[in-house]
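The values are calculated or read from the model by the stated rules, or taken from the named source; none is laboratory data. All of these numbers come straight from a predicted model, not from anything done at the bench. All Cβ positions, even for glycine, are placed from backbone atoms using ideal geometry, and neighbour counts span all protein chains on display. For the accessible areas, the whole protein counts, side chains as well, though only heavy atoms, and no ligand, DNA or RNA atoms are used. Shrake-Rupley method; radii C 1.70, N 1.55, O 1.52, S 1.80 Å.
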Amino acid sequence: MSTAYFSHPDCRRHDMGAGHPECPQRLDAIEDWLLASGLDIGLERIEAPPARLEDLELAHSVSYVAELKYALEQLQASGESRAMDPDTFAGPHTWKAALRAAGAAVAATDLVLDGGAENAFCGVRPPGHHATRSETMGFCFFNNVAIAARHALDVRGLKRVAVVDFDVHHGNGTEDILAGDERALMVSIFQHPLYPYSGGVPMGTNMVNVPIPPYTKGGEVREMIEAMWLPALERFKPEMIFVSAGFDAHRDDELGQLGLVEADYAWITQRIMDVARRHAKGRIVSCLEGGYSLPALARSVGVHLQVLSGTAA
């Protein structure tokens, strides 16, 4: 089994300031775990290319892309930083990082569709699933997974793709972009109520939103996935699956109050792979979203990759 790992040093240079949970050290923690576990030897390392403007415009309005490009290039030239919204800060390296993050998702999609790897993981930042068609939000600038899904549909000609989002926060941006597009099915779990305080009422019939009360543990989450996600995915028969892989539903993560552990992430990943093998020739592209307890993030990404690569014990 071949698993590609996309990343780029530019993704580490994006910095939202001291004490911000979405920090460069997140990628360091993952890299350290990969080295310590030996898993890095079995991954195909690929340097993420920058996305093109036309890639970004698959999921975002032309005006939003142009305005954000101008703002971030100004910061790149001046060396300054600024708040884009109450939670999201940009600095001189943000533009390049955001292009690499979106570019990784697009390049991973092409690689998997062209048979260069069975699946791929994008170890990138900034994350993407809160970025709506026309707004930065929740640490996100461009919606990496939505861009990749639309690339698979609009550029590569697939007829059906699924997005699976298991971040502790609702992927409101992905829902904003894909709701009503019957070529896409989005299934998600998220703590509710919790930022961004959305998702309780789906925006389209192609959305399977599963709000979860605080302090729910892994066994109950698995039951909800079995009851709600898996039947929908089986009916839809996606030709490719995209994963918004947020690991902040871990019991050690302070940004949420759910109780998942590494074994739960391994189980979820295996269920996704089972669907992909039945309907999508095993084709999966997974993109890092949240996860802010560095040890828990590293371990959880580790088991996610072990299952994807077929090296899990």
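General remarks:
- Along the chain, counting only GluC sites (Glu not before Pro) with a DSSP assignment other than H, G, I, E or B and at most 12 other Cβ atoms inside a 10 Å radius, the longest segment between sites is 81-181.
- Rg(Cα)/(2.2 N^0.38 Å) for segment 243-313, N = residue count: 1.09
- Cα convex hull, segment 215-256: 75 Å³ per residue, rounded to a whole number.
- Long-range tail of P(r) for segment 172-313 (Cα pairs > 25 Å, %): 23 percent
- Annotation: per residue accessible area for the chain equals 37 Å², rounded to a whole number [probe 1.4 Å, protein chains only].
- For the Cα trace of segment 164-209, dividing Rg by the Kirkwood Rh returns an Rg/Rh value of 0.92.
- Among the lysines of the chain, pairs that are 8 or more positions apart or on different chains and have alpha carbons within less than 20 Å of each other number 4.
- Counted over the chain, the DSSP beta bridges are approximately 10% antiparallel.
- Segment 58-160, accessible surface, carbon-and-sulfur percent (1.4 angstrom probe): 49 percent
- Stretched out straight at 0.36 nm per residue, the stretch from THR205 to ASP110 would grow longer than its current Cα-Cα span by 31.4 nm.
- With the convex hull constructed from alpha-carbon coordinates only, segment 1-127 shows a mean projected area of 8.4 nm² over all directions.
- Estimated inter-spin distance, GLU54 and TYR197, nm [label 7 Å along Cα→Cβ]: 4.1 nm
- Extension gain, ALA232 to TYR215, is 3.6 nm, computed as 0.36 nm per intervening residue step minus the present C-alpha separation.
- Å³ per residue enclosed by the Cα convex hull of segment 118-218: 115 Å³
- Residues whose placed amide H lies under 5 Å from that of ASN206, excluding near-sequence neighbours: GLY180
- Each listed q (0.12, 0.13 Å⁻¹) maps to a log10 I(q)/I(0) for the chain, found by the Debye formula over equal Cα scatterers with no solvent: -0.70, -0.84.
- With the biggest extent put first, the Cα atoms of segment 15-60 measure 39, 32, 14 Å across the principal axes.
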